[in-house]
1. Here's a check for you: in region 445-467, which residue that is within 16 Å of ligand 3 (Cβ to nearest atom) and among the aliphatic types (A, V, I, L, M) is surrounded by the fewest Cβ atoms within 10 Å (Cβ to Cβ)?
2. Could you grab the pairs with beta carbons closer than 8 Å, sequence gap of 6+ or different chains, first residue in region 177-188 and within 17 Å of Pro146 (Cβ to Cβ), second one part of a helix (DSSP H, G or I) and among the small types (Gly, Ala, Ser)?
3. Given Ile575, Ile473, Ile492, which one is among the aliphatic types (A, V, I, L, M) and within 24 Å of the chain's Cα centre (by Cα)?
4. When region 47-100 is examined, which residues are found to be within 27 Å of the chain's Cα centre (by Cα) and hydroxyl-bearing (Ser, Thr, Tyr)?
5. Answer yes if at least one residue in region 277-290 is of a type outside the set (D, E, K, R) and in a loop (DSSP other than H, G, I, E, B), and no otherwise.
6. Give me the residue from region 241-257 that is in contact with a helix residue (DSSP H, G or I) (Cβ under 6 Å, 6 or more places away or on another chain) and either within 16 Å of ligand 3 (Cβ to nearest atom) or in contact (Cβ under 8 Å) with a residue 40 or more places away in the chain (or both) and, out of that set, farthest from Ser382 (Cα to Cα).
7. Scanning for something hydrophobic (A, V, I, L, M, F, W, C), in a strand (DSSP E or B), buried (at least 23 other Cβ atoms within 10 Å of the Cβ) and within 16 Å of ligand 1 (Cβ to nearest atom), does region 320-328 turn up at least one residue?
8. Val362 versus (1) within 30 Å of Arg512 (Cα to Cα); (2) modelled with pLDDT of 95 or more; (3) among the β-branched types (Val, Ile, Thr): which is the lone unmet condition?
Amino acid sequence: MAKLQNDNELIFRVAIAVPVYRLFDYLAPDNIEMIPVKPGVRLEVPFGKTKKIAFLVECVQHSNIDRGKLKRVERILDKKPLLSIKDLALLHWASRYYHHPLGEVFSAAFPVALRQGKSSVIQTEKRYELTVLGKALDSEQLKRSPKQKSVLEMFQAHPSSLSEAELSAWNQNWRGSVKQLLDKQLVQLDVAGFGINRILSVAEGNRASIIRNNALRCNPQQQAAIDAVCDRLGQFGVFLLEGVTGSGKTEVYMQIIRIVLERGQQVLVLLPEITLTPQLEDRFRQRFTVNIAISHSKLTDRQRASAWLKMQQGECSILLGTRSALFTPLKNPGLIILDEEHDASFKQQEGFRFSARDVAVVRGKLLNIPVLLGSATPALESLHNVDNKRYSLLHLPERAGNAIAPVLQLLDIRNKRMQEGLSEALVAEMHKTLAKNEQVLLFLNRRGFAPTLICHGCGWVARCRRCDANLVIHYDEGVLRCHHCGQEQRLIRQCPACKTGELTPLGLGTERVEKVLAELFADKTIVRLDRDSTQRKGSLENYLQQINQGEVDIILGTQMLAKGHHFPNVTLVAIMDVDSGLFSIDFHAPEKLAQMIVQVSGRAGRAEKPGRVIMQTRQPEHPLLTTLIKQGYNSFARTALAERKEASLPPFSYQALLRVQAVDAEMPKLFLHAVVQLAGEHSKGHTQILGPVAAPMARRAGLYRYQLLFQSSKRPELHALLDILMPKIEKLKQAKKVRWSLDVDPVDLY
Ligand code: ADP
Ligand code: ZN
Ligand code: ZN
């Protein structure tokens, strides 16, 4: 029964998560007594034949659409907006800066459950804690039931209570054992929802209660970094904490966090990788008594919504999360930390393509709080921002404690005999290290058995039918798989072209190296860490545990090894093939290679044992490698920045990449030609439009791909052009026949 609309009735202007730039107008809902309704509340609205969740942007008096044609908001879901005015401003900024539809930006800020319109009341999870009996029990007494023993030890290692989510993250099969421990009265339900320690900390509200154990005594550089950030609490400022792996960055974070917590404020900590959250979480839980929330994509929707709401309502004080946690609302914001700020995973590569680092800086500015970026290998952009005084540099030049920095060496393999990518000299070094009962880490950034299957008779190569790419041999699984679209087929034995030739694997992947290692080091334990070997949940954790307990001699893996894991007994790191990183069409490649080398090196010799890094190369005089080795990452970065400046590349210019793909081979080109024409009418002197050109991988998953690069020495000019262009591009007639997306500040040009 439609209510008669009158001309004074308010219009609700809303954002909906659909890929169009415009907002949508609706008539106010029937239950008008909820007005005034504030921007940011979630609404349910009719949309086409379905209903959608919308976000209120503003209430206005006038719509360009005839009132008679407007539909009515069906329901208002929130009494108050879940985001603060400043966070709403952040979303508006992000939508403008990334030229991405506001509805999709809003949607990205909310966890899935809330996006779907679920209630914002926190679903409480059960928590468990040790009983007095359980605290006192020596876990050895449970040695006949190893599962119960390990659960008990887990609780004993975490003196506060543990939630269902925390237990699941540790081990999916915890329920049975916890039930048995409940029956034995070693564990009990934590009824208050807080561990005993937490209740104390809330009740006492004093300084001592926030931390559980004593912080380390900092060295002068650490202290200087802590003081610099703490002087800025309550104000905006960006700090780049540059320090090699093991220099004590995490300790610096924790000591600053302590001060922020004492001010009654919350801290948002962003990490690049899910696999790193448990390690950091453990260290934080051992240090702090406050409630800690975790958010990453492997958690259930309910768990993520709960973490989001607990931060929003101030029930948790620290949030550890990956990129998507950036927008989590904070009741009392105090500090944002981004660890490993150089890491490419902080850039979202699909849909709403934002840089979590750059948006974090803007968020810090809006919230008036400091932002702390940490890395052993800062991004060139960040170093440039130090140079132009936008960021303050804090430097930790040495490894903390007694650890000694690893020595980097190039191993010239020109004309040397190689066995599956291993030179004799390297194999000899490995034997020496293993003889001392120390561990070896081998890095090869290619998974699978071999990247190419070729016919020795006729030269036929196994190609993906849908991509411009070769199929990768996965010998163990008996398949050929495309690493770009995922398509796979059975591993064939006979050449489909000539039917007689011998099919030969070409090139090296981790699976192949693993097999030769097993022959060369028959009495040693070898573990392979890559996306294939760690697919099962918990398997990475198991491997890491085996490695740390010294049950493994040789660790072989891909870039997974470059990310934050600590292998204290590794004294020899070998990078099997640095050359493949030296030749790329992407100008970011040298930076990424240098970061990878330094990051992998950082895994070695953490403890008192000095580490050594050997890089096999056929380019022993390559300036990138020699600068990096002789003068370190910072000198390398300076050289690379000078080159970027010379070539007017970012950060000395600003880019946006328009990517297009379509089933039809011609359509992407036609569309981009139309865009170039449009742009020509509006572009000014400092902005270049490069293309259209075929994408480096011209066909992927059956779609033809083209791209157009906008580059400008003046950022405002580039954005002014995009402001005009994007709504017009959307309306081009060719736009309906292609899929296109804009990537502002692209980090790779693929
Ligand atoms: P990063 O985060 O830079 O890799 P961490 O904070 O993890 O460094 O510190 C590396 C190791 O050094 C850890 O075992 C840590 O406990 C120890 N450490 C950090 N700071 C100090 C210090 N001031 N004195 C002694 N040991 C320290
Ligand atoms: Zn053949
Ligand atoms: Zn493919």
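The values are calculated or read from the model by the stated rules, or taken from the named source; none is laboratory data. Computed from a prediction, not measured in an experiment: that's the story for all the values here. Virtual Cβ from ideal backbone geometry, glycine too; neighbours counted across all protein chains shown.
1. Val461
2. Ser177/Ser150; Leu181/Gly134; Leu186/Gly134; Val187/Gly134
3. Details: Ile473 fails: within 24 Å of the chain's Cα centre (by Cα); Ile492 fails: within 24 Å of the chain's Cα centre (by Cα).
Being among the aliphatic types (A, V, I, L, M) and within 24 Å of the chain's Cα centre (by Cα) holds for just one of Ile575, Ile473, Ile492, which is Ile575.
4. Ser84, Ser95, Tyr97, Tyr98
5. So in region 277-290, the residues of a type outside the set (D, E, K, R) come out as 277-280, 284, 286, 288-290.
From what's left, in a loop (DSSP other than H, G, I, E, B): 289-290.
Yes, because at least one residue in region 277-290 is of a type outside the set (D, E, K, R) and in a loop (DSSP other than H, G, I, E, B).
6. Initially, region 241-257 is screened for residues in contact with a helix residue (DSSP H, G or I) (Cβ under 6 Å, 6 or more places away or on another chain), giving 241, 243, 248, 252, 254-256.
Okay, now just the ones that are also either within 16 Å of ligand 3 (Cβ to nearest atom) or in contact (Cβ under 8 Å) with a residue 40 or more places away in the chain (or both), so 241, 243, 248, 252, 255-256.
Working: Leu241: 10, Gly243: 14, Gly248: 20, Val252: 19, Gln255: 23, Ile256: 21 Å.
Across region 241-257, the extreme among qualifying residues is Gln255.
7. Step one: of region 320-328, the residues hydrophobic (A, V, I, L, M, F, W, C) are 320, 325-327.
From what is left, the residues that are in a strand (DSSP E or B) are 320.
Those left that are additionally buried (at least 23 other Cβ atoms within 10 Å of the Cβ): 320.
From the residues that got through so far, the ones that are within 16 Å of ligand 1 (Cβ to nearest atom) too are 320.
Scanning region 320-328 turns up at least one residue that is hydrophobic (A, V, I, L, M, F, W, C), in a strand (DSSP E or B), buried (at least 23 other Cβ atoms within 10 Å of the Cβ) and within 16 Å of ligand 1 (Cβ to nearest atom).
8. Val362 satisfies all of (1) within 30 Å of Arg512 (Cα to Cα); (2) modelled with pLDDT of 95 or more; (3) among the β-branched types (Val, Ile, Thr) except (1).
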